[in-house]
Amino acid sequence: MVGDVWRAPFGFSDKPGQKVRPCLIMEVASGSVRVAKITSTNLDHRWRCERIVVPGYKKTSWVNFDEQRWMPISDLQEPCKA
């Protein structure tokens, strides 16, 4: 599971609500996962961001290692597959 890309809900940073987006599984511990948010916003200028190929997505994506959080494993919706 660690290193896999899954879809999960993330709250917006600038308004109420949430969006299901891909995330990279960083760690698994007792029913929870630590994930890093993946976005299609160009983050080449950010130090702790890396380009990533997300299976099944056509847009270039970036994993933002500065935006990590813990969530219950049950929040994960489905793995991203080609």
Selection within the range 26-44 - aliphatic (A, V, I, L, M) and either without any contact (Cβ under 8 Å) to a residue 40 or more places away in the chain or touching a Cys at 6+ places or on another chain (Cβ under 6 Å) (or both): Ala29, Val35, Ala36, Ile38, Leu43
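Restricting to the range 5-27, and then to whatever is surrounded by fewer than 14 Cβ atoms within 10 Å (Cβ to Cβ) and either touching a helix residue (DSSP H, G or I) at 6+ places or on another chain (Cβ under 7 Å) or more than 16 Å from Glu67 (Cβ to Cβ) (or both), can you tell me which residue is modelled with the lowest pLDDT?
Among those that are surrounded by fewer than 14 Cβ atoms within 10 Å (Cβ to Cβ) and either touching a helix residue (DSSP H, G or I) at 6+ places or on another chain (Cβ under 7 Å) or more than 16 Å from Glu67 (Cβ to Cβ) (or both), it is Lys15.
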Sole exception among (1) part of a strand (DSSP E or B); (2) touching a Lys or Arg at 6+ places or on another chain (Cβ under 6 Å) for Arg7, by number: (2)
Residue that is nearest to Cys80 (Cα to Cα), among those in the range 32-42 that are small (Gly, Ala, Ser) and either modelled with pLDDT of 95 or more or in a strand (DSSP E or B) (or both): Ala36
Members of the range 43-65 found to be surrounded by 12 or more Cβ atoms within 10 Å (Cβ to Cβ) and charged (D, E, K, R), listed by number: Arg46, Arg48, Glu50
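Of a type in the set (Gly, Ala, Ser), within 9 Å of the chain's Cα centre (by Cα) and surrounded by 12 or more Cβ atoms within 10 Å (Cβ to Cβ) - does that describe any residue in the range 28-42?
Within the range 28-42, one or more residues are of a type in the set (Gly, Ala, Ser), within 9 Å of the chain's Cα centre (by Cα) and surrounded by 12 or more Cβ atoms within 10 Å (Cβ to Cβ).
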Matching residues in the range 43-64 - criterion: being of a type outside the set (Phe, Trp, Tyr) and in a strand (DSSP E or B): Cys49, Glu50, Arg51, Ile52, Ser61, Val63, Asn64
Any hit, the range 65-78, residues being assigned to a strand (DSSP E or B) and of a type in the set (S, T, N, Q): yes
Scope the range 16-39; condition in contact with a strand residue (DSSP E or B) (Cβ under 7 Å, 6 or more places away or on another chain) and among the hydroxyl-bearing types (Ser, Thr, Tyr); matching residues: Ser32, Thr39
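The values are calculated or read from the model by the stated rules, or taken from the named source; none is laboratory data. Only a predicted model underlies this, so the values are computations on that prediction, with no experimental measurement involved. Neighbour counts run over all protein chains shown; Cβ positions are idealised from the backbone, glycine included.
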